[in-house]
Amino acid sequence: MAVVATVAAAAALGLRDPRRKAGAMVAALLLGAIAVALVVGLGTVSDDVSSHAAEVAGAVVVGVVALVAVAALIRTRPEAFPLLVVLTVPIRVPVTAGGGTANLLLPLYGVIAAGLAAYAWGLRSPEAIEPRPPRSATLAGRRVSRLEWALAAVLLLYALQSLYSSDREQAVKNLCFFYIPFAVLFSLLLEVRWTPRLLKACFGLTVGLALLFAVVGFGEWGTGRLLLANEKVLAANDLKPYFRVNSLFFDPNIYGRFLALTMILMAAVLLWQTRPRTVALLSVGLAVLWAGLVLSLSQSSFAALLGGLAVLAALRWRPGPVLGVVGAAVVLVIAVVVIAPGALHIKGGSTKAIDKATSGRVDLLKGGGQLFSDRPVWGVGSGGFAASYRKRERIRSSSRAVVVSHTIPVTVAAEQGVLGLLAYVGMLVAALAVLWRGALDALRRRGPPGVVAVARAGIVAAFVALVLHTLVYAAYLEDPLSWTLLAIGAALALIPAPARDRAARDAATNGDGERAATAAPAR
């Protein structure tokens, strides 16, 4: 069932006919929901429902009413959809089912379902469907098409490799909770008409959320209490001399990731901003978010922030000097690890000491490499890293966190082999072809860059930072931010060049540039 749902989601990425695309997206979500129910266990779900029948019935009624209301809002005001996506992307709700607890993006799932309902609702009449030129007509269109096919290939390969996975249940959960709904999200965001005003509104909402989360983090640090209890973080806070905060996120690293990506978007606006008042406000906001990031103590988020800022510097000035500085920094870090490991709290230069300093990541990397060497072509199966690693190393702990790889390429290599690595690299190449080349083309046009050009610079920098974060932590395409950044970047790439030029001129003359992107469709 999950495989069929994934095929439908992949078809939605490749189909151009709006009605067929809508049908594929509806099928993907419905079949994915059925697949999750089958995996969790219909008997367990039935028991949970029967024991709380009144509460479940009330929740269903409220959910349906809310879904219809939000769909109606999106239908009448399409710009509400991306704003609701931005609002709900960071919100995770703990859900207990099947004997386990998971932090799910339930509000975002509701927004995706409402957005799809509004999209399908708008296709009732033939005149509602505008004729669309073939993607092959422009270079940007061909790049976006290659990205869609690359994402579809990743989804299909992951689904096929779940059939022989050592942990098929985990593979199905990954597909139905993350890959399938987020592929639908990507397709819907690609349909949005992205105007400078809408981009500004999404940016302002993102910054507002980040500041709110930072304030909550300050409160946690001041009181010494976490709002969302994370046993691992609580244990570390009791043993270590520092206190990590997670704000309204379960994981401090996910909290730090959100702050880092928001800071990169703010830095992009700051680099091309000339108004003193806006510069001052952005500077104050960056200072607040920096303080929040420090309290998260997320080293992976600091690394992601530096990587994103390096991309912005390369776009703003020249790539050559930036690459030289980055290379020198990498050499310096390696030299410190080898010559003075104590400066990084590494007691000794042995592999065991480095493993302890990195919370067991060295052993996980070794284990992942051994799993890859066992099955180098096709891997142990999608989602099977934890189960295969536990079996190979004879680990009895039932905690999945003990054996979760924190390096996405290693996870992909172990689970999907060379086939998965090729799909992973192909997706990254296709993504950067859309985001990087598009940002360069937009920034090199005559006159000061407009809202769309600056947005494209911020998006590619944030996406690179997100990829860097996955190299030392987790969440590859399981993070909706990946799909959101890719979708917005691809949609901006599809705006015709004349419209982008008008946007730049309007932004230079009146500061908003709203007329330009509104004058031409996003496709």
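In table form, for the structure just shown:
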item	result
Under the Karplus curve 6.51 cos²θ - 1.76 cosθ + 1.60, θ = phi - 60°, whole-Hz ³J(HN,Hα) for the range 286-294, x wherever Gly or Pro sits	5, 5, 5, 5, 4, 4, x, 5, 4
With DNA, RNA and ligands ignored, accessible area of SER482 (1.4 Å probe; Å², nearest 10)	10 Å²
Over 25 Å (Cα to Cα) - which of LYS232/LYS391; LYS173/LYS200; LYS21/LYS200 fall in this group	LYS173/LYS200; LYS21/LYS200
Sequence of THR138, THR88, THR76 when ordered by accessible area, the most exposed leading, probe 1.4 angstrom	THR76, THR138, THR88
Alpha-carbon centroids, the range 410-467 and the range 168-242: separation in whole Å	21 Å
Dipole magnitude (debye, nearest 20) for the range 225-325, charges at Cβ of Lys, Arg, Asp, Glu	300 debye
Gain in span if fully extended, LEU421 to ASP17, counting 0.36 nm per residue against the direct Cα distance	142.3 nm
Stretch gain in nm, segment VAL284-GLN299, where the contour uses 0.36 nm per residue and the Cα spacing is subtracted	3.1 nm
Label-to-label distance, nm, for residues given as ASN230 and MET1 (7 Å Cα→Cβ offset)	3.2 nm
Spin-label pair THR223/LEU323, simplified geometry with 7 Å Cα→Cβ offset, distance in nm	5.0 nm
Global form of the range 211-281, assessed from the alpha-carbon gyration tensor, a/c cut-off 1.5	prolate
Heavy-atom accessible area order for TYR255, TYR242, largest first, 1.4 Å probe	TYR242, TYR255
Förster-model FRET efficiency, 25 Å R0, ARG446 and ARG275, C-beta, rounded to 0.05	0.75
Percent accessible area from carbon and sulfur atoms, the range 157-226, protein chains only, probe 1.4 Å	64 percent
Estimated FRET transfer efficiency (ARG124, ALA66; beta-carbon r; R0 25 Å; 0.05)	0.65
Cut-off under 5 Å, modelled amide H: who pairs with ASN103 long-range	VAL95
Accessible surface of VAL410 - all protein chains present, 1.4 Å probe, nearest 10 Å²	30 Å²
Exposure of LYS240 as accessible area (Å², to 10), given a probe of 1.4 Å and all protein chains	100 Å²
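The values are calculated or read from the model by the stated rules, or taken from the named source; none is laboratory data. Just so it is clear, the structure is predicted and the values come from calculations on it, not from any experiment. Quick reminder, even Gly has a Cβ in these numbers, built from the backbone with ideal geometry, and neighbours come from all protein chains shown. Keep in mind that these areas ignore ligands, DNA and RNA; they rest on the heavy atoms of the full protein, side chains included. Shrake-Rupley method; radii C 1.70, N 1.55, O 1.52, S 1.80 Å.
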